[in-house]
Amino acid sequence: MSEWKRFKDPSGNFYYFNTRSKVSTKEKPKEFGSQQAGMKELRVPVFCLPLRNYWNLVICKDGSKFFHNDESNVSQFKLADDESKALLDKVDTSLLALLIGVARGFNLRNDRDVYGEIRDVLQAKLDSNDKEQNDITEERPQVTNSNVDTEDKSESSNILVSGYSSSSDDSGEESEVEEKNDPSSIDVKEEDTLPSLNNTEIESKFIQLLNEIQLDPYSTWSIQAKRIMHDPRYYLITSNDKRDELFQTWCSQQLNNSNNDNENNAQDSAENSDEEDSDVTLEPTKYHYLAHIISKANITPETLFSNIKKENKSLFKELEINKTLTKKEQEQFASKVIAYYKRMDNLQRTELFKKMMKNKLRFPPISEKLSQLMLEETPSDSFKLETQLLQLENALLILDNLQNSYMQNEIMYYILGIKDKLAALKEILRDQYSK
């Protein structure tokens, strides 16, 4: 608890009061500066709850809270927006208190997502209010008289102004009691500096989180989000769509870095040994990247290829899908693969994949390279995982001299993601060559 507090006297000058010794002074104490620095470190936004009219409730690491308006970029301790107040009243105060505890470092059992619970309550109320408003708008008769319009606008403006004035003119004991029960009110007597919210810095911290946790760029956002949703930096981005967008951008960067690394490794290997030149030139199968994007998508019975393409614009551009496949090829392939994802779960698709491979693949004679890849430990790193799959495909399908290359056009060859396909291929090879 800070010993020194800063206040303003009636003349507008600052003075400092020590809560322990009860001494006041106009001279700024040396200890006050160090206290402020410590407070600034603690006053870092952890949770952000969207309210009405661009307002957000922001809860900081030290448990303090303030309100920020995305449109005006204004932050304040007391909420003056009546619609946002009414919305916040719908949230159980015990839930808000629990969320403040989480922000301060309290660990919940069973991985309970208090933030998600509060957001669901707020979103449900927002959706309900929007529906009611739309119904009222549809029922309201059209008025064409310009004079009536002017009067309505003037009257509406007066109502808003009077509503704002009444909320700011309350005083006395009754007002104090209301503020204590109001989760949107904050009793702040000293002048504190509100933490600034810079979108670029916030996005940078979110990307930093993705790098630190080492998420899987070959997985879906809905799956990977669960690995980081308990980190405070996850909530710096208030929109899940925006989080998904940043995740997709991050995936593109990771893939680009991986491709550059593979090119550099191939160049180094070529310089060291001409004999290994054919091994380091790894060619992906025809639909490798498009199948990868589909495997990452959250596919529901209503999902269309156009939905997946729209959600993964950055990946389509980064992986040059439109350059390697025609629009017709993309649509025909994707519609068939997506159908498998809709009808079957991962286990069923894996069994179908293994059955198809055993029936259609012409197994080449076992080689030292193939044997090595078959028994090699499956890496956890996403890029090493893809590299190992490409090595196995190049050795097994022998793309350069066309043996088994027809498998590139087999739809069922692409009904698994990279990790599951690699595991299935190794199992198939072990069964085949152990006979």
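The values are calculated or read from the model by the stated rules, or taken from the named source; none is laboratory data. Small disclaimer: the values here were computed from a predicted structure and weren't measured. Neighbour counts are summed over all protein chains in view; Cβ atoms, including those assigned to glycine, are modelled from backbone coordinates with ideal geometry.
Are there any helices (runs of 4 or more DSSP H) wholly within the range 341-422 with 3 or more residues that are among the charged types (D, E, K, R) and modelled with pLDDT of 80 or more, and if so which? Lay out the reasoning, then the answer.
Working: elements: 346-360, 368-375, 382-396.
Because the criterion is at least 3 residues that are among the charged types (D, E, K, R) and modelled with pLDDT of 80 or more, the helices (runs of 4 or more DSSP H) in the range 341-422 that meet it are 346-360, 382-396.
Condition check: modelled with pLDDT under 75 and touching a strand residue (DSSP E or B) at 6+ places or on another chain (Cβ under 8 Å). Does VAL44 satisfy that?
On the way: modelled with pLDDT under 75: yes; touching a strand residue (DSSP E or B) at 6+ places or on another chain (Cβ under 8 Å): yes.
For VAL44, the condition - modelled with pLDDT under 75 and touching a strand residue (DSSP E or B) at 6+ places or on another chain (Cβ under 8 Å) - is met.
Quick check on my filter: what residues within the range 83-110 are in contact with a Lys or Arg (Cβ under 9 Å, 6 or more places away or on another chain) and acidic (Asp, Glu)?
Answer for the range 83-110, where residues must be in contact with a Lys or Arg (Cβ under 9 Å, 6 or more places away or on another chain) and acidic (Asp, Glu): just GLU83.
Taking the condition of being crowded, with 16+ Cβ neighbours inside 10 Å and either of a type in the set (Phe, Trp, Tyr) or not in a loop (DSSP other than H, G, I, E, B) (or both), how many residues in the range 284-313 meet it?
Counting residues in the range 284-313 that are crowded, with 16+ Cβ neighbours inside 10 Å and either of a type in the set (Phe, Trp, Tyr) or not in a loop (DSSP other than H, G, I, E, B) (or both) gives 14.
Restrict the check to the range 329-339 and report whether at least one residue is without any contact (Cβ under 8 Å) to a residue 24 or more places away in the chain and in contact with a helix residue (DSSP H, G or I) (Cβ under 8 Å, 6 or more places away or on another chain). Working first, answer last.
We begin by selecting, within the range 329-339, every residue without any contact (Cβ under 8 Å) to a residue 24 or more places away in the chain; these are 329, 332, 339.
From what's left, in contact with a helix residue (DSSP H, G or I) (Cβ under 8 Å, 6 or more places away or on another chain): none.
No, that holds for no residue.
Can you confirm whether the range 20-29 contains a residue that is part of a strand (DSSP E or B) and modelled with pLDDT under 80? First the steps, then the outcome.
As a first pass, look at the range 20-29 and keep what is part of a strand (DSSP E or B): 24-25.
After this cut, where a residue has to be modelled with pLDDT under 80 as well, the list is 24.
Taking every residue of the range 20-29 in turn, at least one turns out to be part of a strand (DSSP E or B) and modelled with pLDDT under 80.
With respect to ILE223, is the statement that it is under 12 Å from the mean Cα position of the chain (by Cα), modelled with pLDDT under 80 and under 20 Å from GLU311 (Cα atoms) true? Quick ask: steps written out before the conclusion?
On the way: under 12 Å from the mean Cα position of the chain (by Cα): yes; modelled with pLDDT under 80: yes; under 20 Å from GLU311 (Cα atoms): yes.
Yes, satisfied.
Would you confirm, using the coordinates I've provided, whether SER335 is surrounded by 13 or more Cβ atoms within 10 Å (Cβ to Cβ) and among the small types (Gly, Ala, Ser)?
Values: surrounded by 13 or more Cβ atoms within 10 Å (Cβ to Cβ): no; among the small types (Gly, Ala, Ser): yes.
Considered against the rule, which asks whether it is surrounded by 13 or more Cβ atoms within 10 Å (Cβ to Cβ) and among the small types (Gly, Ala, Ser), SER335 comes out as no.
Only residues that are hydroxyl-bearing (Ser, Thr, Tyr) and not in a helix (DSSP H, G or I): list them for the range 198-224, please. It would help to see each step written out before you state the result.
Taking the range 198-224 first, the residues hydroxyl-bearing (Ser, Thr, Tyr) are 200, 204, 218-220, 222.
Listed by number, the residues that qualify are TYR218, SER219, THR220.
Out of ASN73, ASN129, ASN69, which single residue is at pLDDT 80 or above and surrounded by 11 or more Cβ atoms within 10 Å (Cβ to Cβ)?
It is ASN69.
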